[in-house]
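Take a look at the structure set out below.
The values are calculated or read from the model by the stated rules, or taken from the named source; none is laboratory data. Here the structure is a predicted model, which means the values were calculated and not measured. Virtual Cβ from ideal backbone geometry, glycine too; neighbours counted across all protein chains shown. Each accessible area value is taken on the protein alone, full model and side chains, heavy atoms only, with ligands, DNA and RNA left out. Shrake-Rupley method; radii C 1.70, N 1.55, O 1.52, S 1.80 Å.
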Amino acid sequence: MTPPHRQAPGRRTAVLRREAVLATVPFAVAALLAAAGPAAAGTIGASGAGDPYFPFSGNGGYHVKHYDLTLRYDTTGRHLDGKAVLTARATQKLTRFDLDLNGLKVTRVTVDGTTAGFRRSGQELVVTPRHALREDREFHVTVSYSGTPKPVSDPDGSADGWIPTDDGAFVAGEPQGAMTWFPANNHPQDKSSYDFTITVPKGRTAVANGVLRGVRTVNGHTTFRWHQAEPMAAYLATATVGKFKTEQYTTGDGIQVFNAVDSREARAAAPVLKKLPSVLKWESRLFGPYPFRAAGSIVDHAPDVGYALETQSRPLYDSAPDVSTLVHESAHQWFGDSVSLTAWKDIWLNEGFATYAEWLYSEQHGGDSAQKSFDALYARPAANELWAFPPGDPGSGKNIFDTPVYARGAMTLHELRKAVGDHDFFRILRAWATEHRGGHGTTAQFVKLSERISGEDLSGLFHTWLYAQGKPSTA
Ligand code: TRP
Ligand code: ZN
């Protein structure tokens, strides 16, 4: 069973996959060296966040508090003009620092209003401010850029980032694609608030994260202003553009909902999107209060994409989702969005949890029990792809969206539930979302929390299900 919200890996072409592998091996070695090097220099911000799966993702030496992005997209010419103003804080003295930006042409960089030196090196935009920034100092970086954004090809062959569609762009940044459309500290370790001001030809809608602050049409162009107040990882940002039917309402719990639906998907999407308030309410009962003030859905018609993304506050679908996919992306708002990864190897904390939410939804809404979902998977023979690697250690960025992460990740939670009982299990899920709300969590912290709440030694269980190679023999 490939999770329904994404296509089977086999759908991606063999050629793409082979190219990706060839490109990855020497690149990863060089990248590790490069990422390790500059940190030692003392006043130069590192070119990576230290994640071995994506060595150049993120940067060291500063934290971005806020992104103010002003974008203008020409849907016919596929040309993007952008200006990004980052409010950041130096976490060390900085004579130089990097941002991540892939492609596009940078015309000017300023630091605190003064023109700064810059150069491009792969996905790094290397910035040299006129004056060194002392540790703890708050500073503003402005980057002016333009060009035709191109998606990045991930190690597994899938495309992410700014993906053009026939009427706009499908903008999904997991794991690396944020840097295809704005300069960023592009790793989930760094979370920030965002403002978006996006101008598109009249008749198109630009949908980003958070609440809609304003819409204004002047001279055949419409500008949409969005505000994402709660901290967000760069990969969860979107600025999806298309011809959309839109709808806005506030739920009984005061959550501001904004839906945007491609008319080609409208009929199939309507009955599913209608369930969003009840799904969020059901999840709030299980996981604790919904973590954001805004919600909604973006249903695009992007047949080549092959996956959905839990863009913060407003998941993005490449076609009309089914209820299970809506439940999955909604569960990510707690697990993955509000509680972020510190390293991509912990991806099961996102995908295993969101998949287990699907099982729970089914169990509590007249469908299969979680035990039945578990049993169907456990019946797969030892040679099945499900057992190809343990979910706690996918091995490389190439594997982070494969079946073991989703399915064996969810099986791990089911084993935990059976070991500690329903009462403690649901206390654990809720405590995880509550104690790490708006921040980060690691697998080690989750294990510790589970042991604290249950009072049991769970090291054997987690070792077997998260880290042991092959099909676990004890079910
Ligand atoms: N996180 C998405 C989900 O499961 C899936 C996803 C995002 C994905 N980006 C991807 C899958 C790239 C494959 C390739 O909800
Ligand atoms: Zn997911």
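Return the only residue of Gly366, Gly397 being on the phi > 0 side of the Ramachandran plot and either open to solvent by 30 Å² or more (accessible area, probe 1.4 Å) or not assigned by TED's automatic domain parsing to the domain that holds Ser324 (or both).
Answer to the selection: Gly366.
Residues are listed down the side, and each one gets a yes or a no for (1) in a strand (DSSP E or B); (2) under 23 Å from Ala229 (Cα atoms); (3) open to solvent by 50 Å² or more (accessible area, probe 1.4 Å); (4) modelled with pLDDT under 95:
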site	(1), (2), (3), (4)
Ser57	no, no, no, no
His66	yes, yes, no, no
Arg72	yes, yes, yes, no
Thr76	no, no, yes, no
Val85	yes, yes, no, no
Asp98	yes, no, no, no
Phe118	yes, no, yes, no
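Name the helices (runs of 4 or more DSSP H) wholly within region 357-475 that hold at least 2 residues that are of a type in the set (Gly, Ala, Ser), within 16 Å of ligand 1 (Cβ to nearest atom) and closer than 27 Å to Ser284 by Cα?
Details: elements: 370-378, 409-435, 443-454, 459-462.
Once the helices (runs of 4 or more DSSP H) in region 357-475 are filtered for at least 2 residues that are of a type in the set (Gly, Ala, Ser), within 16 Å of ligand 1 (Cβ to nearest atom) and closer than 27 Å to Ser284 by Cα, what remains is 409-435.
What about Ser284, is it over 11 Å from the mean Cα position of the chain (by Cα), open to solvent by 10 Å² or more (accessible area, probe 1.4 Å), at pLDDT 95 or above and within 12 Å of ligand 2 (Cβ to nearest atom)?
Numbers: over 11 Å from the mean Cα position of the chain (by Cα): yes; open to solvent by 10 Å² or more (accessible area, probe 1.4 Å): yes; at pLDDT 95 or above: yes; within 12 Å of ligand 2 (Cβ to nearest atom): no.
Answer is no for this residue.
Could you list, in sequence order, the residues of region 327-348 that are assigned to a helix (DSSP H, G or I) and within 11 Å of ligand 2 (Cβ to nearest atom)? Give the derivation first.
Of region 327-348, the ones assigned to a helix (DSSP H, G or I) are 327-332, 344-346, 348.
Result: Val327, His328, Glu329, Ser330, Ala331, His332, Trp348.
Would you mind listing the strands (runs of 3 or more DSSP E) fully within region 194-239 where at least 2 residues are open to solvent by less than 10 Å² (accessible area, probe 1.4 Å)? Write out each step before concluding.
Numbers: elements: 205-207, 211-218, 221-233.
Because the criterion is at least 2 residues that are open to solvent by less than 10 Å² (accessible area, probe 1.4 Å), the strands (runs of 3 or more DSSP E) in region 194-239 that meet it are 205-207, 221-233.
Yes/no per residue for (1) within 16 Å of ligand 2 (Cβ to nearest atom); (2) surrounded by fewer than 24 Cβ atoms within 10 Å (Cβ to Cβ); (3) part of a strand (DSSP E or B); (4) free of Cβ contacts under 8 Å to residues at least 40 places away in the same chain:
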{"residue": "His140", "(1), (2), (3), (4)": "no, yes, yes, no"}
{"residue": "Met179", "(1), (2), (3), (4)": "no, no, no, no"}
{"residue": "Asn186", "(1), (2), (3), (4)": "no, no, no, no"}
{"residue": "Gln189", "(1), (2), (3), (4)": "no, yes, no, no"}
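Take Pro155 and tell me if it is in contact (Cβ under 8 Å) with a residue 60 or more places away in the chain and touching a helix residue (DSSP H, G or I) at 6+ places or on another chain (Cβ under 6 Å). Break it down into steps so the answer makes sense when it comes.
Numbers: in contact (Cβ under 8 Å) with a residue 60 or more places away in the chain: yes; touching a helix residue (DSSP H, G or I) at 6+ places or on another chain (Cβ under 6 Å): yes.
Criteria met by Pro155.
Looking only at residues that are surrounded by fewer than 22 Cβ atoms within 10 Å (Cβ to Cβ) and within 16 Å of ligand 1 (Cβ to nearest atom) in region 287-308, which one is nearest to Glu363 (Cα to Cα)?
Once the filter is applied, the top-ranked residue is Tyr307.
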